[in-house]
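This report concerns only the one structure given below.
The values are calculated or read from the model by the stated rules, or taken from the named source; none is laboratory data. The shown structure was predicted, so the numbers you read here are calculated from the model rather than taken from an experiment. Note that we place each Cβ from the backbone using ideal geometry, even for glycine, and neighbour counts take in every protein chain shown. Note: areas computed on protein heavy atoms with side chains; ligands, DNA, RNA excluded. Shrake-Rupley method; radii C 1.70, N 1.55, O 1.52, S 1.80 Å.
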Amino acid sequence: MKAVVMAGGEGTRLRPLTSNQPKPMVPIVGKPCMEHILELLKRHGFEDVIVTVAFLPQAIRSYFGGGEALGMEVGYSVEESPLGTAGSVRLAAGRLDDTFIVISGDALCDLDLTKLVEFHREKQASVTIGLKSVDNPLEFGIVVTDDDGRVERFLEKPSWGQVFSDTINTGIYVLEPEVLRTIPTDRPYDFSKELFPLLLEMGRPLYGYVMDGYWQDIGNLDQYRQANFDALDEKVRLNIPGIRIRGNVWVGDGVDLHDIDALEGPAFLGNYCRIAPAASVGPYSVLATSVTLRERAHTSRSIIDASTSIGRSAVVEGAVVGRSCDLRAHVRVHEGVAIGDEVTIGAESVIMPGVRIYPYKEVETGSQIFESVIWESRGTTRIFRMRGVSGLVNVDLTPDIAVRLASALGTALKSGERVVASRDGAPACRMIKRAMISGLSSTGVNVADLRVIPAAVGRHLVKAENFAAGFHVGLSPSDPEVVRIQFFEAPGIEMSSSMQKEVEKHFTRGEIRRVAAADVGTISYPARVREGYANDLLDTLDVEAIRARRFRLVVDYGFSASSYVLPLVLAPLGVEAVAAHAFPSEGGEASSELATSIGQAKRLVAAVGADLGAVFDRSGERLHLIDEQAREIPVEQALLLYLRLIGSNGRRGKLAFPVTVTSQVDRLTEGSGLEVVRTPASLQALTQAAAEDDVVFAGALGGGYVFPNFLPGYDAVASLANLLELLAPVKRPISELVAELPRPTLVHRQLPCPWGMKGLVMRVLNERLSGRELDLTDGIKVFSHRGWAQVLPDPDEPLIHLYAEGETTEASGELASELREIVEEIEQGEAVPART
């Protein structure tokens with residue numbers, strides 16, 4: 001006997017879950033609902049199945065194919081226009097030449113289909129309707145039968161005053177093929193509303209059979225959640241994939257679970273789920289394939305679809321979350337929330353109960369969403385952030401996205417041009433870098449792969465050998481699961497805005513150059529690039545002066561690739577170095593928090609009597625210093641230390657600093673041959689300024705320093721080597737030099753500001769401060785006799801940065817508070833006089 005599975009439903013009441021997938025494909029404990037129905041059919045001997053499809057038919061066909069994986073023969077009947085339930089089956093009438101069964105692909109059940117067919121044959125019925133007794137029949141079609149099971153009456157969705165029975169139509173029918181001839185072909189036609197009442201009126205033998213077992217229509221989100229919970233409670237007999245542990249927890253293949261006590265059943269974890277340390281899975285959690293719960297995240301009574309990432313300390317309770325979503329740190333998702341596919345929820349956001357967020361939306365950081373987000377979207381074509389392109393590995397930044405990004409870069413370059421590639425030691429960086437190389441090669445661009453090496457060495461090669469561009473794949477200093485791709489161009493500066501826009505254009509439009517097989521780009525592995533970098537750096541230094549000083553250092557590499565390079569520089573300089581946290585691990589287990597590295601370096605400095613301690617960040621770009629008394633030098637004073645030493649060394653030229661850097665740099669250069677140049681607060685602007693003629697030094701807060709005579713970019717190795725040269729003629733300990741420096745009083749605050757409000761805030765603030773002494777290089781910087789304050793919108797987050805500097809830290813705080821009050825009242829639409 002053949003079976004017909006009706007799978008044409010759109011499931012409008014299930015949106016956003018069904019916004020981009022047909023209703024039968026919604027997942028129930030790891031499988032589409034329709035797959036559970038097909039398995040039920042096979043258990044009862046139905047192996048020849050016809051599936052009627054209408055809405056997004058390819059989603060169903062591509063998943064089930066011909067049914068080989070299920071050991072069944074599956075064919076398809078596609079509705080070109082809506083035909084109704086009966087009309088869709090009538091379309092397949094040519095393949096239905098004997099008694100057959102019809103069942104919905106979007107109602108979960110484990111009813112005894114064999115007994116239904118036996119009853120049909122025993123009664124010699126034309127149609128037998130599967131019936132089910134329910135507590136609340138108001139949402140269903142009621143069927144009234146006599147004692148023999150013969151249908152007497154139909155009633156569609158009655159009121160309580162019309163309820164004469166609690167047996168409802170389950171949508172499961174056994175039919176003889178001749179009844180299909182009654183169905184018209186020129187219009188939509190329904191089984192329960194039209195065909196069955198007509199057959200009853202014609203006197204044809206229609207029967208109803210009340211079936212025992214589980215049946216649940218999945219018509220809305222509450223019913224969908226309940227179907228998953230019932231499966232976990234085993235109220236419905238299903239073939240749940242995975243291994244059953246602890247009685248009521250199912251775990252799939254390759255699950256990465258730090259602590260089994262983090263699971264509280266009943267629960268289901270699909271293949272390759274990852275539950276990080278301190279994360280927990282509460283009762284009635286259904287996690288599909290490759291779902292990630294990061295540290296301290298928690299979920300309960302929720303269904304989370306494949307490849308979704310739940311961020312650190314995020315909480316999801318009583319919600320439905322779609323595929324490939326990204327819920328950032330400290331997000332709270334409340335009861336009854338439904339989130340569609342590929343939605344990003346910004347950090348610290350709260351989604352209130354009952355809200356629906358449709359696919360492909362982005363919720364800003366810190367938002368509180370009280371109403372459904374259906375049409376609105378903060379869509380953006382920006383893929384570059386302040387420091388390149390970054391994202392959670394295999395969540396925001398996947399290999400296929402990396403290939404597209406590199407292909408876009410290759411398209412923006414000319415075919416045959418050369419690009420430098422380098423990476424940090426982590427396996428995730430290797431994966432992304434190789435994907436990038438493939439994308440570039442496909443556009444006819446040649447790649448020089450430097451493998452594991454600091455970004456500065458790649459920058460140096462771009463400058464030294466005139467490469468068109470370069471990129472470096474590294475881990476974020478603040479999050480080891482975030483991969484960051486930095487891009488640079490000749491002569492080693494950050495990629496320009498115009499080039500970024502060109503890459504973004506090709507990325508978003510998909511306008512990619514694909515070359516013929518003979519023109520695919522080559523991959524080379526240049527030799528001795530580390531030695532070339534070290535030799536060129538040494539050529540810029542007074543080697544003999546440094547050797548004469550006989551420095552003893554403590555260096556903590558922070559597992560950066562700088563450990564492959566710095567020894568080649570220190571050895572010719574005669575520097576004795578005690579190293580820690582060297583050599584990045586390919587296994588990925590090595591990591592070092594900056595605070596941990598600084599703490600260890602302090603102890604080593606004291607233990608070995610070092611002249612100086614140097615701590616590198618993970619990328620080998622930023623440098624943190626420790627004096628000979630084992631005290632950390634604040635990054636604000638470290639910048640001033642470089643400046644004081646450069647001035648006392650008699651150098652002349654320009655110094656480049658962002659507008660947000662302390663005004664102490666201007667005071668320290670008064671009367672010297674040095675000129676301070678202010679740039680916008682971005683590394684891109686800083687490195688471009690550093691590449692100009694006569695610039696001898698550039699720097700910003702945070703340990704980033706630039707010596708343009710060698711390389712116009714952050715480089716901790718070059719920063720340390722130049723510091724040794726500057727200290728060589730000074731016969732005093734570094735602690736004394738730092739003690740003589742002024743102490744900066746600069747304060748920095750962050751203020752939440754929706755994207756749509758940023759332009760208004762800046763416009764109104766500019767109008768209110770008109771007539772005052774302003775610097776509009778980047779944001780709005782206002783000067784007064786008390787100091788200065790600055791408002792700077794964040795380019796990547798819904799934030800505004802506030803900087804202020806007065807004579808004391810308290811005065812700076814007052815300036816920042818006054819400016820904050822003005823900005824907040826502008827956001828609230830209130831008129832406020834400018835007092836700053």
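Here the condition is being open to solvent by 50 Å² or more (accessible area, probe 1.4 Å) and among the aliphatic types (A, V, I, L, M); of Ile374, Ile351, it holds for Ile374 alone. Counting only strands (runs of 3 or more DSSP E) that fall entirely inside region 272-376 and contain at least 3 residues that are not charged (D, E, K, R), the qualifying elements are 285-287, 298-300.
Per this entry, His801 is not counted among residues that are in contact with a Phe, Trp or Tyr (Cβ under 7 Å, 6 or more places away or on another chain) and either in contact (Cβ under 8 Å) with a residue 12 or more places away in the chain or part of a helix (DSSP H, G or I) (or both). Considering only residues that are assigned to a helix (DSSP H, G or I) and charged (D, E, K, R), which ones fall in region 12-30? Arg13, Lys23 - these are the residues of region 12-30 that are assigned to a helix (DSSP H, G or I) and charged (D, E, K, R). Quick one: what pairs do we get from region 77-106, first residue under 19 Å from Val174 (Cβ atoms) and of a type in the set (Asp, Glu), second open to solvent by 60 Å² or more (accessible area, probe 1.4 Å) and part of a loop (DSSP other than H, G, I, E, B), C-beta under 9 Å, 6+ apart or different chains? So the pair list comes out as Asp98/Met1.
Restricting region 303-334 to residues that are of a type outside the set (A, V, I, L, M, F, W, C) and open to solvent by less than 10 Å² (accessible area, probe 1.4 Å), which is nearest to Asn20 (Cα to Cα)? For region 303-334, the residue satisfying everything is Gly322.
If you check Asp147 against the conditions, is it among the charged types (D, E, K, R) and surrounded by 23 or more Cβ atoms within 10 Å (Cβ to Cβ)? Here the answer is no, as Asp147 does not meet what is asked. For region 659-699, filtered to residues that are among the hydroxyl-bearing types (Ser, Thr, Tyr) and assigned to a loop (DSSP other than H, G, I, E, B), the residue that is farthest from Asn649 (Cα to Cα) is Ser682.
When you go through Ala610, Ala606 one by one, which is the residue that is among the small types (Gly, Ala, Ser) and open to solvent by less than 60 Å² (accessible area, probe 1.4 Å)? Lay out the reasoning, then the answer.
On the way: Ala606 fails: open to solvent by less than 60 Å² (accessible area, probe 1.4 Å).
Answer to the check: Ala610.
Rundown of residues vs (1) part of a strand (DSSP E or B); (2) surrounded by fewer than 19 Cβ atoms within 10 Å (Cβ to Cβ); (3) at pLDDT 95 or above; (4) not hydroxyl-bearing (Ser, Thr, Tyr), yes/no style:
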position	(1), (2), (3), (4)
Ala527	no, yes, no, yes
Glu531	no, yes, yes, yes
Leu537	no, no, yes, yes
Glu586	no, yes, no, yes
Gly599	no, yes, no, yes
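Considered as a group, the residues in region 474-504 that are in a helix (DSSP H, G or I) and touching a residue at least 60 places away in the same chain (Cβ under 8 Å) include one that is nearest to Ser407 (Cα to Cα), and that residue is Val503. When Glu489, Glu494 are checked against the criterion of being touching a strand residue (DSSP E or B) at 6+ places or on another chain (Cβ under 8 Å), open to solvent by 30 Å² or more (accessible area, probe 1.4 Å), under 21 Å from Val717 (Cα atoms) and among the charged types (D, E, K, R), a single residue qualifies: Glu489.
One line per residue, one yes/no per condition, for (1) open to solvent by less than 20 Å² (accessible area, probe 1.4 Å); (2) within 23 Å of Thr687 (Cα to Cα); (3) hydroxyl-bearing (Ser, Thr, Tyr):
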position: Gly391; (1), (2), (3): yes, no, no
position: Ala402; (1), (2), (3): yes, no, no
position: Ala408; (1), (2), (3): yes, no, no
position: Thr411; (1), (2), (3): no, no, yes
position: Val420; (1), (2), (3): yes, yes, no
position: Ser438; (1), (2), (3): no, no, yes
position: Ser441; (1), (2), (3): yes, no, yes
position: Asn446; (1), (2), (3): no, no, no
position: Val462; (1), (2), (3): yes, yes, no
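Within region 328-356, residues that are touching a residue at least 40 places away in the same chain (Cβ under 8 Å) sit with their Cβ atoms under 6 Å from residues that are small (Gly, Ala, Ser) and not in a loop (DSSP other than H, G, I, E, B), at 6+ positions apart or across chains, in these pairs: Arg356/Ala338. Arg547 fulfils the conditions (1) out of contact with any Leu (no Cβ under 9 Å at 6 or more places or on another chain); (2) open to solvent by 40 Å² or more (accessible area, probe 1.4 Å); (3) assigned to a helix (DSSP H, G or I); (4) farther than 24 Å from Arg459 by Cα except for a single criterion, (1). You will find that of Arg153, Arg187, Arg181, the residue that is among the basic types (Lys, Arg), modelled with pLDDT of 75 or more and in a loop (DSSP other than H, G, I, E, B) is Arg187 and no other. Right, Ala739: among the small types (Gly, Ala, Ser) and touching a residue at least 12 places away in the same chain (Cβ under 8 Å) or not? Against the criterion (among the small types (Gly, Ala, Ser) and touching a residue at least 12 places away in the same chain (Cβ under 8 Å)), Ala739 does not qualify.
Evaluating Cys429 against the criteria (1) more than 26 Å from Thr308 (Cβ to Cβ); (2) in a helix (DSSP H, G or I) leaves one unmet condition, (1). The condition of being assigned to a helix (DSSP H, G or I) and either surrounded by 20 or more Cβ atoms within 10 Å (Cβ to Cβ) or of a type in the set (S, T, N, Q) (or both) holds for only one of Phe507, Phe471, that being Phe507.
Among the helices (runs of 4 or more DSSP H) contained in region 33-109, which hold 3 or more residues that are open to solvent by less than 40 Å² (accessible area, probe 1.4 Å) and of a type outside the set (A, V, I, L, M)? Reasoning before the result, please.
Numbers: elements: 33-43, 57-64, 84-90.
Qualifying helices (runs of 4 or more DSSP H): 33-43, 84-90.
Consider region 621-630 and keep the residues that are in contact with a Gly (Cβ under 7 Å, 6 or more places away or on another chain) and not in a strand (DSSP E or B). The one that is least open to solvent (accessible area, probe 1.4 Å) is Glu621.
Is region 607-620 home to any residue that is assigned to a helix (DSSP H, G or I), out of contact with any Cys (no Cβ under 9 Å at 6 or more places or on another chain) and basic (Lys, Arg)? There is no residue in region 607-620 that is assigned to a helix (DSSP H, G or I), out of contact with any Cys (no Cβ under 9 Å at 6 or more places or on another chain) and basic (Lys, Arg). Beta carbons closer than 6 Å, at least 6 apart along the sequence or on distinct chains, pair a first residue in region 765-780 that is in a strand (DSSP E or B) with a second that is surrounded by 18 or more Cβ atoms within 10 Å (Cβ to Cβ) and not basic (Lys, Arg) for Leu774/Val782; Ile780/Leu765; Ile780/Val791. Among the residues of region 231-279, those that are of a type outside the set (A, V, I, L, M), surrounded by fewer than 18 Cβ atoms within 10 Å (Cβ to Cβ) and in contact with a helix residue (DSSP H, G or I) (Cβ under 8 Å, 6 or more places away or on another chain) comprise Asn239, Arg246, Asn248.
Within the span defined as region 637-648, every residue fails to be surrounded by fewer than 20 Cβ atoms within 10 Å (Cβ to Cβ) and either assigned to a loop (DSSP other than H, G, I, E, B) or among the acidic types (Asp, Glu) (or both). Taken over region 295-328, residues that are on the phi > 0 side of the Ramachandran plot and under 14 Å from the mean Cα position of the chain (by Cα) amount to 2.
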